[in-house]
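Here the structure comes first, spelled out in structure tokens, and everything after it is commentary.
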Amino acid sequence: MKRFGVKGYYVKMVLWISIAILLIIIALSAVVYANTQKLLVKNEYASNQKILYQVKYNMAFMDDAISSLCKTLYLNSDVGAVMYAKQEDMVDVANRLNKVTSSITSTNPYIHSLTIYNRNLDQTYNAGSPLFFEDQLVDALYQSEKQQPPKMKPIFRDIRKLVNGESKPENVFSYLMYETSADDLKPDGVIVINVRAEWLLDNIRQINMIDNRKGDNIFLLDQSGEYLADGADDNEMMRWLKSDFSAYKASHPNGDTDGFFQSKHGGTSYLVTYSSVESAGMTLLKTQPVLEVYRSISSLRTSIIIITLITLLLALIVSIIISRRIYRPFGNLVNSVRRDRPRGAGEDESVDEISYLNAVYRQSMEELELFYKEKHDNKDRMRHYWLSRLLDERFSISREELVALFKEMRISLNPQGSHAVCLLRIDNYKEFLQAFNARDKEMFRFAMLNIASETVARSYPNEGIDMKEDHVLLIVSVPDQDDVHESKLAELLAEAQENFSRFFKVTFTASISGKSEEMSELHALYSQTLDQSMYRLQLGHGSVITQARIRKNAESKKSGYSKELEEWFVETIKSGNVAAMKEVLANLFGEMETLNYHNALVSIIRLVDTAIEALDEAKITPAPSLQIASIGRHILEKETMAEIHRIIRGGLQDSINKETAENTDTLNYFVVDAVTEYIHKNYQDLSLSLPSIAAMMKISSRNLSKIYKQATNLSIPDLINGVRLTKAAELLIEEDLSVYEVVQKVGFTNETYFFSLFKKKYKVTPKEYALQRNVNKII
């Protein structure tokens, strides 16, 4: 592992625990801080409400006192005498007003003036102001047809006063008291009590002066939502407050009469507290900067931050302690693995302990899988070894040892029963060798053995042995009382032949032996199947050969075909009668098919010699396939009589008809066979090409290319490249050679061209092909 990753997981554990604790602390601190802010706002609201309640109490007290005074004065005899007098007596009016004024001002210093209106005389009398003061409020009561002013409710107004001949504002709260009848909506008399506004406004002003440095202000709104002020306040702020309060009340139509909200003015957030004075129909508003509200919490915020930092430090210490305790067994495991295990190729890239253990686990599983694979392969090799030993004529082992061996090697054969041997031989083996590489040949043999073994296993336990070269074997356990095993095995193997041919496009011939009760006789049974398989010559490719099927051939006493047919055959050749020659030749091969293998083979040679002698006597030049030099290659190497019959018939026909031209079937076959064989033997020759082959065979390149293409659907250059690529693939996996050396060995002159052809055929580069095959070989 890298040095920085030795305790990477431990560091992560410490960090995660620390972060978790930190997040919890931050969340708790945020909750505490937010709740404290809410609590502080509520407390500030409660404090503001106390101030407003005090003002509200004073206003309510004043309102109750003035209302009581209004009722009292309205019922007072002196006031009544002035208010309802039919004739005006100014002395009496003055006395009565002085009397009333002296009585109310002594007990109510906040009374500004008293106005009495006598409708009968249409005269207004005033105490505390000029005697004949014209009160606009009274005029509005009688002159306006609209809603009348409320009774005993304060009306804030400016009655103006003259000071040294100059009119100045005089703010008062006016209370009206009057009575109307159902017949006449206009009262006979009216009392107006004017209360000085200074006592209330001064009270509010004093409170504002106390909290002015904090930015606090108290405002008063009347019934119509207009400010009650002396004009000395901040008009811009008052307009903002009035607008926001109206908007807030509109958005909260069912809200309480007392409450608070936050709003912003001039970039500053304000806490607005409001309280309604219902008896007077007024509303008190108090504004306070939010920062002033939260100023007291700044020290709390600092304390929270300090506590959070201290807690974080403690959390880090605690997380280190906890992580160390949790990590200890885990770390001991990692150290133990690192100490006891050799370093692997993938362990240096590990960045923490988990990655390291994961890499170790993967490597261990790969090694374990490889171990089991090698163990299984060794087991298979041992099974193959012992199964092969069973075929050795010198093999000798006791019955008890054989039972133990079969059990240990998991051999499915019955060591105490009878056995038979089935030999499966690949047909057209010469073409098979040329068409496939070593790996593919092994795969074909494995598939053939596997398909046949599984098919036969439906009825008989068996074990397969790959004998390499052109055949494989099945050793089959046969019940002692089974006398028809040959026919049943023949049916099963015919099914296996069909399946194998359908999937792999390759056929095989099967040979079935008799059965034996002794394991030591398996060698003799194997030899019997080898001898029987020779009869593929007469029975043909894909046949199933049993003792019963070749019994007549084996027991035949005839040594060859009849002398009469031979003489007739010679006469047809000499006479040049091709049709008669074909008929006699067919009869000759019909007789040879009934002979035993050795006599049939000798008869074929004798027949060829007879044909050549007859051609010589008739002064006819033998076709290439019947020349002495090519008999071994074209006739004796063939596996079946049908192939030999076709070659001899074609050669004689060509010889008799003098049709030895390049376009005849037999000559074409000879040419194709010769070209194919020549390329397989000389693929390493750098000069190997269509022109060089044509020159050697004394045929034009065009005709040679046409003959080969028509016969094989493959061009000669493609065949040359195909053979070279197949040999290159074998060298890549079987020899320790570089790609350049392989290119030179198989006859390519251009390495780039080789790479292009190889990738086109195998879909991978030569290096990738060698790597994949070697990996598969290991697995």
Output the qualifying pairs, or none if there are none: Cβ atoms under 6 angstrom, residues six or more apart or on different chains, first residue in the stretch 523-535 and in a helix (DSSP H, G or I), second residue crowded, with 21+ Cβ neighbours inside 10 Å and of a type in the set (Lys, Arg).
533/425
Examine the stretch 604-616 for a residue that is in contact (Cβ under 8 Å) with a residue 40 or more places away in the chain, among the charged types (D, E, K, R) and not in a helix (DSSP H, G or I), and state whether such a residue exists.
no
Being surrounded by 18 or more Cβ atoms within 10 Å (Cβ to Cβ) and in a helix (DSSP H, G or I) is the filter here, so list the residues in the stretch 93-128 that pass it.
93, 96, 97, 100, 104
When you check residue 231 against the structure, is it farther than 30 Å from residue 178 by Cβ, modelled with pLDDT of 80 or more and either touching a helix residue (DSSP H, G or I) at 6+ places or on another chain (Cβ under 6 Å) or among the small types (Gly, Ala, Ser) (or both), yes or no?
no
Residue 446, sole failed condition from (1) surrounded by 15 or more Cβ atoms within 10 Å (Cβ to Cβ); (2) within 50 Å of the chain's Cα centre (by Cα)
(1)
Does the stretch 69-83 include one or more residues that are of a type in the set (Ser, Thr, Tyr), within 19 Å of residue 187 (Cβ to Cβ) and touching a residue at least 24 places away in the same chain (Cβ under 8 Å)?
yes
Just one listed residue, out of 211, 183, is within 30 Å of residue 271 (Cβ to Cβ) and either modelled with pLDDT under 75 or exposed (fewer than 12 other Cβ atoms within 10 Å of the Cβ) (or both), and it is 211
Within the stretch 564-614, the residues that are more than 17 Å from residue 554 (Cα to Cα) and small (Gly, Ala, Ser) are 575, 576, 579, 580, 586, 611, 614
Scanning for something crowded, with 19+ Cβ neighbours inside 10 Å, out of contact with any helix residue (DSSP H, G or I) (no Cβ under 8 Å at 6 or more places or on another chain) and at pLDDT below 85, does the stretch 20-42 turn up at least one residue?
no
Considering residues of the stretch 453-471 that are touching a strand residue (DSSP E or B) at 6+ places or on another chain (Cβ under 6 Å) and either assigned to a helix (DSSP H, G or I) or not assigned by TED's automatic domain parsing to the domain that holds residue 406 (or both) only, the residue nearest to residue 500 (Cα to Cα)
453
State whether one or more residues within the stretch 559-570 are farther than 30 Å from residue 489 by Cα, out of contact with any Phe, Trp or Tyr (no Cβ under 7 Å at 6 or more places or on another chain), among the β-branched types (Val, Ile, Thr) and crowded, with 16+ Cβ neighbours inside 10 Å.
yes
Tell me, which residue of the stretch 64-80 that is buried (at least 16 other Cβ atoms within 10 Å of the Cβ) and small (Gly, Ala, Ser) is nearest to the chain's Cα centre (by Cα)?
67
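The values are calculated or read from the model by the stated rules, or taken from the named source; none is laboratory data. Quick caveat: nothing in here was measured; it's all calculated off a predicted structure. Don't worry about glycine lacking a Cβ; one is built from the backbone with ideal geometry, like all the others, and counts go over all protein chains shown.
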